[in-house]
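Visitor: Have a look at this one before I ask anything.
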Amino acid sequence: MSVAVRFDDVRKDFGPVRVLHGVSFELAPARIHGLLGENGAGKSTLMKILAGYETATSGDIQVDGTPCRFAGSRDAEAAGIVLIHQEFNLAEHLSIAQNMYLGHEKRQRGMGGWLLDDAAMRAEARHYLAQVGLERDPDTKVRDLIVAEKQLVEIAKALSRRARLLIMDEPTATLTPAETERLFALMAKLKAEGVTLVYISHKLDEVQRVTDDVTVMRDGRFVARAATAELSRQQMANLMVGRDVSDMFPARAPVADNAPVALKVEGLVVPGWVGAQGGLAFEVRAGEVLGFAGLVGAGRTEAFEAIVGLRARTAGTIDMAGRRVTLKNPRDAMRHGLTYLSEDRKGKGLHVDLNLQDNLTLMTLERYAHPLLDLKAGRDALEKAVRDFGIRTGDLASRARMLSGGNQQKLALAKFLQPDPRVIVLDEPTRGVDVGAKRDIYFLIHRLAAEGRAVIVISSELIELIGLCHRVAVMRAGQLVATLGIGHLTEEELIAHATGTH
Ligand SMILES: Nc1ncnc2c1ncn2[C@@H]1O[C@H](COP(=O)(O)OP(=O)(O)OP(=O)(O)O)[C@@H](O)[C@H]1O
Ligand SMILES: [Mg+2]
């Protein structure tokens, strides 16, 4: 069997912390390889080494039988190895086309090759954007794109590099089902053309569908490899975590009959919504977990951004615990006891260049403002958060950027719960989070509800909403089209309402 990639005893230390402990395995050519592992297992790090973004502390990597040690990602790209980053790697102030050709600019022939060939870059960018299904002008600035669109730009950019080995780190975390399908079709096409693909994902149903082989890592080590067809999803989960992870969802304590309404929204209209009659109205009670389902673009994120003042609204009233409130911005909302954890964690959730403690305490600085208590209290809060949320970090003093993707997610969640809110809105709280940590988050949500808080969960994972919520509100085109209680929560029902085929 010919080998596309061979890892031989690859180690990686970040300062005193060892994150890869001698990883050895092989990837066969022209196949789709799933790479699984818990948050912090070392998947992204290993792939960054392969693609020249990091260097191994020791060990060897061979590609097609040739030992490789890349000086940088350009070097790796020249050898046909391209990585699509989990945390996007785009320059926000540049256009889509500029991002795609950054460092690979096309130049006009003649004139000594000095002039950029903008027209050619735009035309080619258009071609690859069409392949991934992104209908945007290549001149659009990346900062004006929503998260899913940024992901599509990353993929288009990688395609334009014509990789022989294409590594995708959580590419579908932010995509709609239709975009995901298109990506899978693209992957199949690339495989047929002889490209080797690595697919990292926590969505085990997708791993099962699209990969040929699965490799599992745990705690910086290789633990298993199998043909995908030989493993059930449960077996994949158990291999990742190293123990049995069934019972994903906690039992739902019933909401007390006399539980007060914690948040009531009426007549909410956001500019751009079509056909919203009388606006959006809903309420959630203390102790209740209320889900919001809907297709991407149904207006769920917009609605809550409007409620906390992150976005304009044309009409609507908000009552909290029976009192009318005006929320001009997220700080205002927080002061009234409402926090909203944005789905765009990198843009709006964390400051990746600050350390963990500063991130955690940023929203509640007043509490830590006594000069002497300050450090100790902040440190205690961090230690508690690391324990409560199972944040894996080798070093408590590190910057948020150093955390693995899923662990950044957990930190963001911890941060947003610091102000001790009464109403908690979580937008896609388990995106990019491993199965074990997902379960932890589900149990946490129910703990918060049991303490008398109201929790709102916006999610595109129906199984999650069905397993977790007391009621699920379904939105379509800025309207609430149905609210289903526990006995009526099925995937078919939710999809039928979300798509309007009910
Ligand atoms: N630049 C860095 N400095 C210090 N530690 C780092 C750095 N990059 C990664 N790490 C650590 O290496 C470990 C492995 O991280 P990695 O990002 O490879 O995990 P992962 O398997 O991709 O997880 P996830 O599923 O959450 O994306 C983590 O403990 C992380 O904190
Ligand atoms: Mg990762």
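Visitor: Report the residue count in region 418-476 for those that are within 16 Å of ligand 1 (Cβ to nearest atom), within 23 Å of residue 494 (Cβ to Cβ) and among the acidic types (Asp, Glu).
Guide: Of the residues in region 418-476, 1 are within 16 Å of ligand 1 (Cβ to nearest atom), within 23 Å of residue 494 (Cβ to Cβ) and among the acidic types (Asp, Glu).
Visitor: Ok, one more. Assess whether residue 213 counts as being of a type in the set (Asp, Glu), touching a His at 6+ places or on another chain (Cβ under 7 Å) and touching a residue at least 60 places away in the same chain (Cβ under 8 Å).
Guide: So residue 213 passes the test.
Visitor: Restricting to region 71-91, give me the number of residues that are under 26 Å from residue 39 (Cα atoms), modelled with pLDDT of 90 or more and of a type outside the set (Gly, Ala, Ser).
Guide: The total comes to 4.
Visitor: Separate question: In region 413-448, which residues are in the same structural domain as residue 286 (by TED's automatic domain parsing), assigned to a helix (DSSP H, G or I) and touching a strand residue (DSSP E or B) at 6+ places or on another chain (Cβ under 6 Å)?
Guide: 445, 448
Visitor: Would you confirm whether or not region 160-171 contains a residue that is of a type in the set (Gly, Ala, Ser), away from ligand 2 (no atom under 16 Å from the Cβ), closer than 23 Å to residue 104 by Cα and in contact (Cβ under 8 Å) with a residue 12 or more places away in the chain?
Guide: Checking region 160-171: at least one residue is of a type in the set (Gly, Ala, Ser), away from ligand 2 (no atom under 16 Å from the Cβ), closer than 23 Å to residue 104 by Cα and in contact (Cβ under 8 Å) with a residue 12 or more places away in the chain.
Visitor: Specify the residue that is surrounded by the fewest Cβ atoms within 10 Å (Cβ to Cβ); the eligible residues are those in region 283-301 that are at pLDDT below 95 and in a loop (DSSP other than H, G, I, E, B).
Guide: 297
Visitor: Restricting to strands (runs of 3 or more DSSP E) lying wholly in region 1-110: which have 2 or more residues that are farther than 19 Å from residue 154 by Cα?
Guide: By residue number, 5-14, 17-27, 32-37, 58-63.
Visitor: For residues that are more than 9 Å from ligand 2 (Cβ to nearest atom) and not small (Gly, Ala, Ser), scanning just region 33-47, find the one that is surrounded by the fewest Cβ atoms within 10 Å (Cβ to Cβ).
Guide: Applying the filter and picking the extreme gives 33.
Visitor: Only one of these is farther than 21 Å from residue 173 by Cα and surrounded by fewer than 15 Cβ atoms within 10 Å (Cβ to Cβ): 387, 399. Name it.
Guide: Testing whether each residue is farther than 21 Å from residue 173 by Cα and surrounded by fewer than 15 Cβ atoms within 10 Å (Cβ to Cβ) leaves just 387.
Visitor: Any chance you could count how many residues in region 449-469 are buried (at least 23 other Cβ atoms within 10 Å of the Cβ) and either at pLDDT below 90 or part of a strand (DSSP E or B) (or both)?
Guide: 5
Visitor: Cβ-Cβ below 9 Å, separation at least six or inter-chain, first residue in region 132-147 and assigned by TED's automatic domain parsing to the domain that holds residue 186, second part of a loop (DSSP other than H, G, I, E, B) and of a type in the set (Ser, Thr, Tyr): which pairs?
Guide: Note: pairs meeting the criteria are 146/174; 147/174.
Visitor: Can you name the condition, by its number, that residue 188 falls short on among (1) surrounded by fewer than 18 Cβ atoms within 10 Å (Cβ to Cβ); (2) farther than 19 Å from residue 34 by Cβ?
Guide: With respect to (1) surrounded by fewer than 18 Cβ atoms within 10 Å (Cβ to Cβ); (2) farther than 19 Å from residue 34 by Cβ, residue 188 is out only on (2).
Visitor: OK, next. Please tell me if residue 157 is surrounded by fewer than 20 Cβ atoms within 10 Å (Cβ to Cβ) and more than 16 Å from ligand 1 (Cβ to nearest atom).
Guide: Here the answer is no, as residue 157 does not meet what is asked.
Visitor: Only one of 46, 102, 94, 90 is more than 13 Å from ligand 1 (Cβ to nearest atom) and closer than 30 Å to residue 394 by Cα; which?
Guide: 90
Visitor: Looking only at region 222-268, count how many residues are free of Cβ contacts under 8 Å to residues at least 60 places away in the same chain and hydroxyl-bearing (Ser, Thr, Tyr).
Guide: Number of matching residues: 2.
Visitor: Specify the residue that is nearest to ligand 2 (Cβ to nearest atom); the eligible residues are those in region 402-411 that are among the hydrophobic types (A, V, I, L, M, F, W, C) and surrounded by 23 or more Cβ atoms within 10 Å (Cβ to Cβ).
Guide: For region 402-411, the residue satisfying everything is 403.
Visitor: Something else about it: Among the residues of region 9-26, count how many are within 27 Å of residue 208 (Cβ to Cβ) and surrounded by fewer than 22 Cβ atoms within 10 Å (Cβ to Cβ).
Guide: Number satisfying all stated conditions: 3.
The values are calculated or read from the model by the stated rules, or taken from the named source; none is laboratory data. Predicted, not measured: the structure shown is a model, and the values here were computed from it. Using ideal geometry, Cβ is built from the backbone for each residue, glycine included, and neighbour counts are taken over all protein chains shown.
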